[in-house]
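Student: Pasting in a structure now, in structure tokens, and then I'll have a few things to ask.
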Amino acid sequence: MIHHSFTGHLDRFNLLYINKLERELSASAERMAALEAIVRGVADRAAAWDNIQNHMAVWTDQSRTMERKLDLLNR
């Protein structure tokens, strides 16, 4: 009888532990998915910013070239 009682308690403990562990793992997976979405968004914005910076560098170079040409014409 003691053996059955102990086994019952152990089974109940295992069930509670597994249920809690499953909830924690599920919550962790949800947090990881949210974090991955945030990182993906940051990476997308970083790529867009790199593209904008490249365009700005080209525009700056073109502006400097135009300034030099205007300076030459004004002499």
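Student: Relative to the first principal axis of the alpha-carbon coordinates of the chain, what is the inclination of helix 2-74, with its axis defined by its Cα atoms, in degrees from 0 to 90 and to the nearest 10?
Tutor: Once rounded, one gets 0 degrees.
Student: Using just the helices of the chain, give the 222 nm mean residue ellipticity in deg cm²/dmol: DSSP H runs with n ≥ 4 each add -39,500 (n - 2.57), and the total is spread over all residues, rounded to 500.
Tutor: After summing the helix terms and dividing by residue count, I get -37000 deg cm²/dmol.
Student: State the answer as a single residue: which of N14, A37, W49 lies farthest towards the positive end of the charge dipole of the chain, with beta carbon charges of +1 for Lys and Arg and -1 for Asp and Glu, about the Cα centre.
Tutor: The listed residue farthest towards the positive side: W49.
Student: While we're here: Starting from the Cα-Cα distance between D11 and E36, subtract it from 0.36 nm times their residue separation and give me the gain in nm to one decimal.
Tutor: 5.3 nm
Student: Using unit Cβ charges (K, R positive; D, E negative) and no other charged atoms, how large, in debye to the nearest 20, is the dipole of the stretch 1-59 about its Cα centre?
Tutor: Roughly 140 debye for the stretch 1-59.
Student: Each label point is 7 Å from the Cα along the Cα-to-Cβ direction; what then is the distance between the points at H3 and I18, in nm?
Tutor: Result: 2.2 nm between the two label points.
Student: Tell me the label only: which of [x] 46; [y] 68; [z] 31 is percent of Cα pairs over 20 Å apart as calculated from this structure?
Tutor: [y]
Taken together, the values in this text are just the output of simple stated rules run on the coordinates, not laboratory data. The shown structure was predicted, so the numbers you read here are calculated from the model rather than taken from an experiment. Please note: Cβ atoms are built from the backbone with ideal geometry, for glycine as well, and neighbour counts cover all protein chains shown.
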